[in-house]
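The values are calculated or read from the model by the stated rules, or taken from the named source; none is laboratory data. This is a predicted model, so every value here is computed, not measured. So basically every Cβ, Gly included, is an ideal-geometry build from the backbone, and we count neighbours across all protein chains shown.
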Amino acid sequence: MPITLAQLIREARLRAGDMTQRELASLAGTSMENITSIENGRNKNPSPEIISGLANALDISVEDIFHAIAGTLNRLPWERVSDLDLKDPELELMFRQVDSLLIGEARERVKAFIRFTLDEERKRKRREIEEGKKT
C-alpha cells in the first residue's frame, strides 16, 4: 500500500526528534495550519514552496514528497537500504561492513551513535534556520 503525503510528513516530523507541527511550520516557512492540513490529508497537493520547505526541514528529498503525492511511494525513505549508493565510498563500505560483520551489542552501539549524530545535526540545522529567520 503506497505511503501517503500525510503519512510521510507526519512520520518524518516525529522521526526528526519529536518535532512539533509548530516547529516544522517555522522551519518550512509556512503556517501550522498548513502542516496540520497536510498531515490530516486535507491538503494533498501543497505548493512547490511548501514542498521545498518541508524537504529541507525534514531532511527528505523533494522526489520522495512528489512520489507520496502521486501515490507511488512504497517505502519510507529511511526504510530503504537496498539502494545504498553514498557519495563517500568509504562510508558506504563501512555501512556494509556494519551490516554484515557486527551483531548484538556492537551493532546497537553503532546504530545508537549514528542516531545521536543525526539528531544532533538536525538540531544544529534547525537552530541555523531559526537564527537566519531572526536576522
Check: Consider Ala12 against the criteria (1) within 25 Å of Glu130 (Cα to Cα); (2) aliphatic (A, V, I, L, M); (3) at pLDDT 95 or above: it satisfies all of them except one. Which criterion is unmet?
Finding: (3)
Next item on the list: Please list, ordered by first then second residue, the pairs with beta carbon atoms under 7 Å, 6 or more apart or interchain, first in the stretch 46-72 and free of Cβ contacts under 8 Å to residues at least 12 places away in the same chain, second surrounded by fewer than 13 Cβ atoms within 10 Å (Cβ to Cβ) and not in a helix (DSSP H, G or I).
Entry: Ala55/Ser61
Notebook entry, point to check: Taking Leu102, is it touching a helix residue (DSSP H, G or I) at 6+ places or on another chain (Cβ under 9 Å) and modelled with pLDDT under 85?
Noted result: yes
Next item on the list: Could you tell me whether any residue of the stretch 33-43 is closer than 17 Å to Asp64 by Cα, over 14 Å from the mean Cα position of the chain (by Cα) and surrounded by fewer than 16 Cβ atoms within 10 Å (Cβ to Cβ)?
Entry: yes
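Do we have Asp64 as at pLDDT 90 or above and either in the same structural domain as Arg10 (by TED's automatic domain parsing) or under 27 Å from Lys133 (Cβ atoms) (or both) here?
So Asp64 passes the test.
Could you say which residue among Lys125, Lys133 is surrounded by fewer than 13 Cβ atoms within 10 Å (Cβ to Cβ), among the basic types (Lys, Arg), touching a residue at least 40 places away in the same chain (Cβ under 8 Å) and part of a helix (DSSP H, G or I)? Full working, then the answer.
Values: Lys125 fails: surrounded by fewer than 13 Cβ atoms within 10 Å (Cβ to Cβ).
After ruling out the rest, the residue left standing is Lys133.
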Notebook entry, point to check: On the given criteria, is Gly41 in contact with a Ser or Thr (Cβ under 7 Å, 6 or more places away or on another chain), on the phi > 0 side of the Ramachandran plot and free of Cβ contacts under 8 Å to residues at least 40 places away in the same chain?
Noted result: yes
Next item on the list: Inspect all residues belonging to the stretch 72-79 and state whether any of them is surrounded by fewer than 11 Cβ atoms within 10 Å (Cβ to Cβ), out of contact with any Lys or Arg (no Cβ under 8 Å at 6 or more places or on another chain) and of a type in the set (A, V, I, L, M).
Entry: no
Check: Any idea which residue in the stretch 1-24 is surrounded by the most Cβ atoms within 10 Å (Cβ to Cβ), counting only those that are of a type in the set (Val, Ile, Thr) and in contact (Cβ under 8 Å) with a residue 24 or more places away in the chain?
Finding: Ile9
Margin query: For the stretch 43-122, give me every one of the helices (runs of 4 or more DSSP H) that falls completely inside it and has 3 or more residues that are among the small types (Gly, Ala, Ser).
Written below: 48-58
Check: Quick one: is Glu108 loosely packed, with under 10 Cβ neighbours inside 10 Å and out of contact with any Lys or Arg (no Cβ under 8 Å at 6 or more places or on another chain)?
Finding: no
Check: How many residues, within the stretch 25-38, are part of a helix (DSSP H, G or I) and either touching a residue at least 12 places away in the same chain (Cβ under 8 Å) or within 24 Å of Arg127 (Cβ to Cβ) (or both)?
Finding: 9
